[in-house]
Amino acid sequence: MSSLRDLFRPTDVQIWRKLEAEIGARFREGGTWKRDSIEVTQGDWTVTLDTYFSAASKGEYTRLQALALRPEGLQFSVYR
């Protein structure tokens, strides 16, 4: 039986939408084979955040991806 906290917690889409508004990103709705994601562009860089499930560890993870053709100058900080 789930607790009330689990019952009324925000959905993944609500969380992605809130992040979209806070950082000026774009929400990308997933589909059958793709998961929802957030994209933010800063200068020449586009960074994508999404989630994925690992069958090996049976865990879900948040993933950050950035195509780095010329990685010089790429810097980022991660905060809680």
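The values are calculated or read from the model by the stated rules, or taken from the named source; none is laboratory data. Not measured: the values here are computed from a predicted model. For neighbour counting, all protein chains shown are included, and Cβ atoms are generated from backbone atoms with ideal geometry for every residue, glycine included. In case anyone asks, the SASA skips ligands and DNA or RNA and just uses the protein heavy atoms, side chains included. Shrake-Rupley method; radii C 1.70, N 1.55, O 1.52, S 1.80 Å.
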Which net charge results for the neighbourhood of GLY24, defined as the other residues with beta-carbon distances under 15 angstrom from its beta-carbon, given Lys and Arg at +1 and Asp and Glu at -1? +1
Taking protein heavy atoms only, a 1.4 Å probe, and rounding to whole percent, the accessible area of the chain owed to carbon and sulfur comes out at 53
Between TYR61 and TRP33, with labels modelled 7 Å along Cα→Cβ, what's the label distance in nm to one decimal, could you check? 2.2
Determine the per residue accessible area of the chain with all protein chains present and a 1.4 angstrom probe, expressed in square angstrom. 91
Among (i) 14.7, 40; (ii) 12.6, 41; (iii) 15.1, 50, only one was calculated for this model; which label is it, if the read-out is Rg and Dmax of the Cα atoms in Å? (iii)
Förster-model FRET efficiency, 22 Å R0, TYR52 and ALA21, C-beta, rounded to 0.05: 0.40
For the chain, state which GluC sites (Glu not before Pro) are in a DSSP loop and have at most 15 other beta carbons lying within 10 Å of their beta carbon. GLU29, GLU72
Within segment 6-80, DSSP-loop chymotrypsin sites (Phe, Trp or Tyr not before Pro) with at most 16 other C-beta atoms within 10 Å are TRP33, PHE76, TYR79
For the chain, take the longest principal axis of its alpha carbons; what is the angle in degrees between that and the long axis of helix 12-23, to the nearest 10 within 0 to 90? 40
